[in-house]
Amino acid sequence: MKTVTKRAFLLLLSLLLPSSAVLAQSTVLKGGTLITVNAKILRGYDLKIEGRQIKAIGQNLKGDKVIDISGKTVTPGLIDPHSHLGVYPMPASRGTSDGNEATSPTTPGIWSGDGIDVADPAIARAVAYGVTTVQVLPGSANNIGGQSTIIKLHGRTLDELLFKEAPRGMKHAMGENPKRVYGSRKQLP
């Protein structure tokens, strides 16, 4: 009985886990214009990808799957240094807005990561336009609004999105927004 149970378990496990052949599949984007991170423009080149990594750039590359990108351009992922993705999620409503903690003109202990809605549809839009990494800042209601969060736009949970090695920045706003928020309360920002 133990042998049958062990074999059934191994069979089930083999059906559920992707095979090494599936994990090793490669995709070649063929014949496009590639713009490199150091601003070189390579026309008529191929880009070979395995999993989530670029494995080769060249001409006449072979792959398990080939996609003709003639007439199209591939660039490195874009980085947005000033974003409110997730803290002002779409569709906008007061109930889902976590961009500002307008209880005091200075709130340095606030961390924007605590307010990020990872289900914000704007994240998928940003990815569709080539954005791969963003710095999510608190809003501009306060002179010091809190700490920023840097996220990479792949993953399903905040823990998967977080760029853990990145230092936190501090949001500082001056001008109309703090004056408007605190002026309406007859309070200096």
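The HN-Hα couplings worked out from phi for segment 93-99 by the Karplus form 6.51 cos²θ - 1.76 cosθ + 1.60 (θ = phi - 60°) are 7, 4, x, 10, 8, 10, x Hz, whole numbers, x standing for Gly and Pro. Only one residue of Pro105, Pro89, Ala126 has its Cα farthest out toward the positive end of the dipole of the chain, where Lys and Arg carry +1 and Asp and Glu -1 on Cβ, and that residue is Ala126. Under 20 Å of direct C-alpha separation, and excluding same-chain neighbours fewer than eight residues apart, Lys171 reaches these lysines: Lys152, Lys179. Taking only Cα atoms and a 10 Å spring cutoff, compute GNM fluctuations for the chain and point out the largest among Ser26, Ser97, Ser83. The residue that fluctuates most here is Ser26. A DSSP coil position with no more than 12 other Cβ atoms inside 10 Å describes the following trypsin sites (Lys or Arg not before Pro) in segment 24-78: Lys40, Arg52, Lys62, Lys72.
Rounded to the nearest 20, the Cβ-based charge dipole of the chain about its Cα centre (Lys and Arg +1, Asp and Glu -1) stands at 380 debye. With Rh defined as the Kirkwood radius, the inverse of the mean 1/r over Cα pairs, the Rg/Rh of segment 20-74 is 0.99. May I ask you to derive the relative contact order of segment 79-189, considering only C-alpha pairs under 8 Å and at least 6 residues apart, and to give it as an integer percent? Relative contact order of segment 79-189: 27 percent. Here the Karplus relation 6.51 cos²θ - 1.76 cosθ + 1.60, evaluated at θ = phi - 60°, turns the backbone of segment 105-113 into coupling constants of x, 10, 10, x, x, 6, 10, 4, x Hz, with x for every Gly and Pro. Computed from point charges on the beta carbon alone (+1 for Lys and Arg, -1 for Asp and Glu), the dipole magnitude for segment 20-74 about its Cα centre is near 100 Debye.
Read the figures in this text as sums done on the coordinates, not as results from a lab. Given the structure is predicted, the values throughout are model-derived calculations rather than measurements. So basically every Cβ, Gly included, is an ideal-geometry build from the backbone, and we count neighbours across all protein chains shown.
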